[in-house]
Amino acid sequence: MTHDNDELMQFRLSSAPFAESGQLDAFLEVWGRKMLRMEIEPLGGHPLRIDAMLRSLPNFAMASGPRSPMRVHRTAELIDHDDILLIVMTGGAGELRQHGRVVALGEGDAVLSANGTPATFAMPTPSRTITYRFSRDLLRPRIPNLDDLVARPIARDSQALRLIVGYSGVLSDQSALTTAELRRAVSTHMHELAVLLLDGKAEAQSSDGLRAARLKALKDDILQRIAQSSLSVDEIAASQQISERYIRQLFASEGTTFTDFVREARLARAWRLLTDAAQLHRPIHAIAHESGFADLSYFNRAFRRRFDMTPSDARTLARRQN
């Protein structure tokens, strides 16, 4: 499901309520054939299970979640658009049959599928997938041989694929999608990354979409490690498999530095903890340490410069408000 307006649409699709009420046939008809436009067939005697989160932005959509062993058919009669799907196996295994080709997928692998032609996708074991739907009209001008890439394996070690999977996490961040402009920007960035993945030309490598995705991946990585007082730019560079110089260039494009971003993220974390009613009993030095500050004196100075009050003042304010 995609749309061309500026809204974010999201909902959860689960077969469980239908299974409990004995209405799986209705689920297969309404959600399978009419909404998802596909025939769904359980495999190996396993009960049908689909639990997917669907999110739709302008000209872009993503669905992710676990599936029981099943075979999915897109027949000619069910085709109602010709957009492009990128299927990523995040767990289990799958097999795509389309355009006379057969592609076997393991965990981490990906493949392109065209919605405009019949196809069969089978998952013989319990699996997890992320499926991205891209606008053919937006990809075709930059990838003339788009259909030649359908049903061709995409290696799990592709850097562009890692960026797509990592950057798509922004769809779970409601603060990053609060305006129509941001939602369209995310859709544009995802299409830029798809061009990089499928074509790899220099024009895509220097695009705003790629830089935005790289920077988002960097920030997410940093925030996951923010409690490490020893966190360094070389550690993040190794994790992201890019150079330290490129990291500095990415932060410079936002008018900041790696060091400044880390310090601000740590101070923001410390503020949240200090003013959280459930954390008011904890010592300030413990919160400073948990926020990545090894030096308490430096923490106190940085906190005062940032918030124009001491950590003790922030805690006193929080106690009054609570």
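Residues in the range 291-322 that are of a type in the set (Gly, Ala, Ser), open to solvent by less than 60 Å² (accessible area, probe 1.4 Å) and closer than 19 Å to Ile222 by Cβ: Ser291, Gly292, Ala302. Within the range 279-322, the set of residues being among the aromatic types (Phe, Trp, Tyr) and farther than 17 Å from Ser230 by Cα comprises Phe303, Phe307. Only one of the numbered conditions (1) over 22 Å from Leu193 (Cα atoms); (2) of a type outside the set (A, V, I, L, M); (3) modelled with pLDDT of 90 or more is violated by Gly45, and that is (3).
Only residues that are loosely packed, with under 15 Cβ neighbours inside 10 Å, charged (D, E, K, R) and out of contact with any strand residue (DSSP E or B) (no Cβ under 9 Å at 6 or more places or on another chain) were counted across the range 141-183, and they come to 4.
Tell me the strands (runs of 3 or more DSSP E) entirely within the range 34-110 that contain at least 2 residues that are farther than 20 Å from Leu163 by Cβ and open to solvent by less than 10 Å² (accessible area, probe 1.4 Å).
Numbers: elements: 39-42, 51-57, 60-67, 70-74, 84-91, 94-98, 101-105.
Answer list for the range 34-110: 51-57, 94-98.
Cβ-Cβ contacts under 6 Å between residues 6 or more apart (or on different chains), taken from a first residue in the range 16-44 that is under 21 Å from Thr117 (Cα atoms) to a second residue that is open to solvent by 70 Å² or more (accessible area, probe 1.4 Å) and at pLDDT 90 or above, are listed as Glu41/Arg71.
The condition of being modelled with pLDDT of 80 or more and among the polar types (S, T, N, Q) holds for only one of Ser158, Ser175, Ser168, that being Ser158.
What helices (runs of 4 or more DSSP H) lie completely within the range 248-322 and have 2 or more residues being within 26 Å of the chain's Cα centre (by Cα)? Break it down stepwise before answering.
Numbers: elements: 258-274, 284-290, 296-307, 311-321.
The qualifying helices (runs of 4 or more DSSP H) are 258-274.
Quick check on my filter: what residues within the range 187-198 are in contact (Cβ under 8 Å) with a residue 40 or more places away in the chain and either in contact with a Pro (Cβ under 9 Å, 6 or more places away or on another chain) or open to solvent by less than 10 Å² (accessible area, probe 1.4 Å) (or both)? Answer for the range 187-198, where residues must be in contact (Cβ under 8 Å) with a residue 40 or more places away in the chain and either in contact with a Pro (Cβ under 9 Å, 6 or more places away or on another chain) or open to solvent by less than 10 Å² (accessible area, probe 1.4 Å) (or both): Ser187, Met190, Ala194, Val195.
Being touching a residue at least 40 places away in the same chain (Cβ under 8 Å), out of contact with any strand residue (DSSP E or B) (no Cβ under 8 Å at 6 or more places or on another chain) and more than 14 Å from Ile154 (Cα to Cα): is that true of Ala119 here?
Values: touching a residue at least 40 places away in the same chain (Cβ under 8 Å): yes; out of contact with any strand residue (DSSP E or B) (no Cβ under 8 Å at 6 or more places or on another chain): no; more than 14 Å from Ile154 (Cα to Cα): yes.
Answer is no for this residue.
Just one of the listed residues (Gly65, Gly116, Gly94) is of a type outside the set (Asp, Glu) and on the phi > 0 side of the Ramachandran plot, namely Gly65.
Suppose the filter is open to solvent by 60 Å² or more (accessible area, probe 1.4 Å), of a type in the set (A, V, I, L, M, F, W, C) and in a strand (DSSP E or B); does Ala122 pass it? I'd like the intermediate steps shown before the answer.
Numbers: open to solvent by 60 Å² or more (accessible area, probe 1.4 Å): no; of a type in the set (A, V, I, L, M, F, W, C): yes; in a strand (DSSP E or B): yes.
Answer is no for this residue.
Looking across the range 255-290, the residues that are closer than 20 Å to Asp234 by Cα and either open to solvent by less than 60 Å² (accessible area, probe 1.4 Å) or of a type in the set (Asp, Glu) (or both) come down to Thr256, Phe258, Asp260, Phe261, Val262, Glu264, Ala265, Arg266.
Checking the stated criteria, Ser239 turns out to be open to solvent by less than 60 Å² (accessible area, probe 1.4 Å), of a type in the set (Gly, Ala, Ser) and either part of a helix (DSSP H, G or I) or within 30 Å of Asp157 (Cα to Cα) (or both).
The values are calculated or read from the model by the stated rules, or taken from the named source; none is laboratory data. Remember, it's a predicted structure, so these values are computed and weren't measured experimentally. When we count neighbours, we look across all protein chains shown, and the Cβ atoms used for this are built from the backbone with ideal geometry, even at glycine. Only protein heavy atoms, including side chains, enter the accessible area calculation; ligands, DNA and RNA are left aside. Shrake-Rupley method; radii C 1.70, N 1.55, O 1.52, S 1.80 Å.
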